[in-house]
Ligand SMILES: Cc1ncc(COP(=O)(O)O)c(C=O)c1O
């Protein structure tokens, strides 16, 4: 045996690296004034009523273990997507974040590389590093956060396993036009898997926006990542899914643990998929409020970016944390996103007319 000290801690795990989520509303004391939580891209209209009904129905069965597998959700997703998609194309996960973690565990390890484009959802980097992976950042391009397709292709090596793309992107609100995505996906070698995070896809209305679906149907190494946290209003339930070729889904499903989905989340997701009316109402509200907010923001001295998501990225003249704290005093929670690779920037969630008015009123006060 080796004499001396053997380090039992993996060096890449033995570092402080945690995701700092937005504050919850209960942490804020407004002295009784109303508080608008516009800091985590949630659905201000609430949750899908069909999902809530399913939760109420199944709450009586909580003494019984949930289904061992995600079979029912897979079947519901295959039905929802229709066409050539089958149960073998889907995997249910306890949130989009968990899907990310499963994919990273499945494909990354020490010595292997992953490409991201900052500003981006910070867990891509955090989870990859915790798996020992090397993170290569090819930043989005100024002025409007376009994907740097040429540099991404040039950054691919024999060790590259994953590329993270997000469209619409959190926190910038930018999206990847189909022509750019085609150029990247068709230009990649077969040993690279694209993780295409589309958790805000319902809100996108650009004519050349696309989901991962056409590439997956073609058999490309692409994994679509989705969540019920956003438009379906089920952030507190923790439920999401990944979809890809049957070969990739079969492989990542090796990491599926028994009883992984709790009964309420599983049933709520299936019911939510059938709640077209709620999604339509949500999207209509967000698009209407987005137009209102653009109109009001145009009158104010603040830089902002047009968004394909249910949120808007801004760059105030003042310090981001000071801006957050001042907006909070005005009853509006916003999110500084320096941790997502956008220093000095702040993101606000698009809600309903009441929240839009509160936000603009607060902004007018603090911008003088
Ligand atoms: C781009 C993006 N991907 C994935 C997620 C994960 O969502 P959840 O873990 O709530 O399903 C989020 C949540 O904020 C996100 O913004």
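Tabulated data for the structure shown
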| read-out | value |
| --- | --- |
| Sole residue being closer than 30 Å to residue 65 by Cβ, in contact with a strand residue (DSSP E or B) (Cβ under 8 Å, 6 or more places away or on another chain) and part of a helix (DSSP H, G or I), chosen from 249, 270 | 249 |
| Selected residue (criterion: nearest to the ligand (Cβ to nearest atom)) from residues of the stretch 77-128 that are buried (at least 22 other Cβ atoms within 10 Å of the Cβ) and either within 17 Å of residue 213 (Cβ to Cβ) or not assigned by TED's automatic domain parsing to the domain that holds residue 266 (or both) | 96 |
| Matching residues, the stretch 257-271, being in contact with a helix residue (DSSP H, G or I) (Cβ under 8 Å, 6 or more places away or on another chain) and under 10 Å from residue 91 (Cβ atoms) | none |
| Considering residues of the stretch 213-242 that are more than 14 Å from the ligand (Cβ to nearest atom) and not in a helix (DSSP H, G or I) only, the residue surrounded by the most Cβ atoms within 10 Å (Cβ to Cβ) | 222 |
| Matching residues, the stretch 196-212, being out of contact with any helix residue (DSSP H, G or I) (no Cβ under 6 Å at 6 or more places or on another chain) and not in a loop (DSSP other than H, G, I, E, B) | 196, 197, 201 |
| Extreme residue, surrounded by the fewest Cβ atoms within 10 Å (Cβ to Cβ), among residues of the stretch 132-170 that are within 13 Å of residue 192 (Cβ to Cβ) and within 16 Å of the ligand (Cβ to nearest atom) | 164 |
| Flag for residue 309 being closer than 30 Å to residue 363 by Cβ and surrounded by 20 or more Cβ atoms within 10 Å (Cβ to Cβ) | yes |
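The values are calculated or read from the model by the stated rules, or taken from the named source; none is laboratory data. Computed from a prediction, not measured in an experiment: that's the story for all the values here. Here Cβ is always computed from backbone atoms with ideal geometry, including for glycine, and neighbour counts include all displayed protein chains.
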